[in-house]
1. For segment 18-38, give me each residue that is part of a loop (DSSP other than H, G, I, E, B) and buried (at least 16 other Cβ atoms within 10 Å of the Cβ).
2. Please name all residue pairs, on different chains or six or more residues apart, with Cβ atoms under 9 Å, provided the first residue is in segment 52-64 and is in contact (Cβ under 8 Å) with a residue 40 or more places away in the chain and the second residue is part of a strand (DSSP E or B) and of a type in the set (K, R).
3. Go through segment 39-54 residue by residue and tally those that are touching a Leu at 6+ places or on another chain (Cβ under 8 Å) and either in a strand (DSSP E or B) or at positive phi (or both).
Amino acid sequence: MSDPNFDLNAFLEPGMLVTHPTQPDWGLGQVQSNIRGKITVNFRETGKVVIDGSRVLLMPATET
């Protein structure tokens, strides 16, 4: 069970590029904000998504 107070993605800052580990079809995403463990990411194929940072570990990525 995940701890709702533990933010796996605390290091993410606006502008960083990420991918979602279980949604590769969403493509590359750019972090828009990271506020109290809620990370807003704009994915190329899906658009803007709000991620619960206590449940999903986003993977840092680079532009390809």
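Coordinate-derived values only; no laboratory data. Because the structure is a prediction, the values reported are computed rather than measured. All Cβ positions, glycine included, derive from the backbone under ideal geometry; neighbour counts span all protein chains shown.
1. Residues satisfying the conditions are H20, L28, G37.
2. The qualifying pairs are G53/K38.
3. So the answer is 4.
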